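Throughout, read-outs are computed from the coordinates displayed, never taken from laboratory work. Note that the structure is predicted; figures quoted are calculated from it, not measured. Every residue, glycine among them, receives a Cβ derived from its backbone with ideal geometry; neighbour counts consider all protein chains shown.
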Ligand code: NAD
């Protein structure tokens, strides 16, 4: 479904991002994954190359909030492959801190990676996509972007902003044949959820109509659909992939 497409996936070292990278490679794309540290990036790239020696995958660890660092890599990718077809803004962090204990630094950290990095990577990729006359950007929102969550206020705030950025960019970039959508995952079986307190997660699980958490591959299937030409008339959408969960 993505034969010869060039895709960038942020937060591609584990969890949902790693599943997206694998799914895209399995569908013929060449993938450049981004992570936060050299060690985790090398580990993910080695893992994938060991799984399948035909996978064309490389990794980098730029500061996603620094436009020059991101653009330097995008330029290298375009020099090597000629174009960038798909950008997946997936890197993210969460916290469940109550409001009075929230420090401004912690708030900034969440907003930086969840929304500023999404803005920076999108901003830097647009010129390459415009030159090609097409492109796909998929941002990563959350089910909490639809109705908030009872604590950890920066996280839902950042994900509401992701939805706003997605819908606005879709309207701004449609005339260049660049589609911009978001996926809003529900509770998904990754380190992010494993690290949350049990008393927060257990009541949440009971409310999921499908009766279980989602698997990263089930999320990756939705990214594949939106990245592919099957979704050629879909832009500005926030697609819930959450088993109809509500927190
Ligand atoms: P994860 O913690 O397993 O992986 C997060 C990824 O983001 C890692 O690859 C990590 O390297 C990267 N990352 C984190 N901080 C970074 C930084 N400062 N700079 C660069 N990269 C950084 O998380 P996940 O569960 O796979 O989540 C992926 C996305 O899905 C996130 O945006 C998250 O908010 C969203 N999401 C997840 C769930 C869930 O239940 N797991 C639910 C809703 C939304």
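Just to confirm my numbers, what's the Cα centroid distance between the range 57-78 and the range 206-227 in Å?
What the calculation gives is 28 Å, centre to centre.
When the helix-only estimate is applied to the chain (DSSP H runs of n ≥ 4, each -39,500 (n - 2.57), divided by the residue count), what is the mean residue ellipticity at 222 nm, nearest 500 deg cm²/dmol? All intermediate terms of the calculation are to be shown ahead of the outcome.
On the way: 10 runs with 114 residues, N = 247.
So the calculated ellipticity at 222 nm is -14000 deg cm²/dmol.
Order of 205, 165 from fewest to most other C-beta atoms within 10 Å?
205, 165
Could you please rank 97, 118, 13, 207, placing first whichever residue has the fewest other Cβ atoms within 10 Å of its Cβ?
Fewest to most other Cβ atoms nearby, the residues stand as 207, 97, 13, 118.
So for 105, 85, fewest C-beta neighbours within 10 Å to most, what's the order?
Values: 105 7, 85 21.
In increasing order of surrounding Cβ atoms, one gets 105, 85.
To check my understanding: the extent here is largest minus smallest coordinate of the Cα atoms along each principal axis. What are those three numbers for the range 159-245, in Å, largest first?
The Cα atoms of the range 159-245 stretch 47, 25, 22 Å along their principal axes.
Once you have a ≥ b ≥ c as the square roots of the Cα gyration tensor eigenvalues for the range 22-133, tell me rounded if a/c is under 1.5, and otherwise prolate or oblate according to whether a/b is larger than b/c.
Details: a/c = 2.41, a/b = 1.47, b/c = 1.64.
Verdict is oblate for the range 22-133.
Can you tell me the mean projection area, over all orientations, of the convex hull of the chain's alpha carbons? Units nm², please.
For the Cα atoms of the chain, the hull's average projected area reads 12.8 nm².
What nm distance separates the two modelled labels at residue 130 and residue 66, each placed 7 Å from Cα along Cα→Cβ?
Computed distance between label sites residue 130 and residue 66 equals 2.5 nm.
From the square roots a ≥ b ≥ c of the eigenvalues of the alpha-carbon gyration tensor of the range 102-247, which class results: rounded (a/c under 1.5), prolate (a/b over b/c), or oblate?
On the way: a/c = 2.45, a/b = 1.49, b/c = 1.64.
Verdict is oblate for the range 102-247.
Quick one: if you stick a label point 7 Å off each Cα along the C-beta vector at residue 26 and residue 221, how many nm between them?
A separation of 1.0 nm, rounded to one decimal place.
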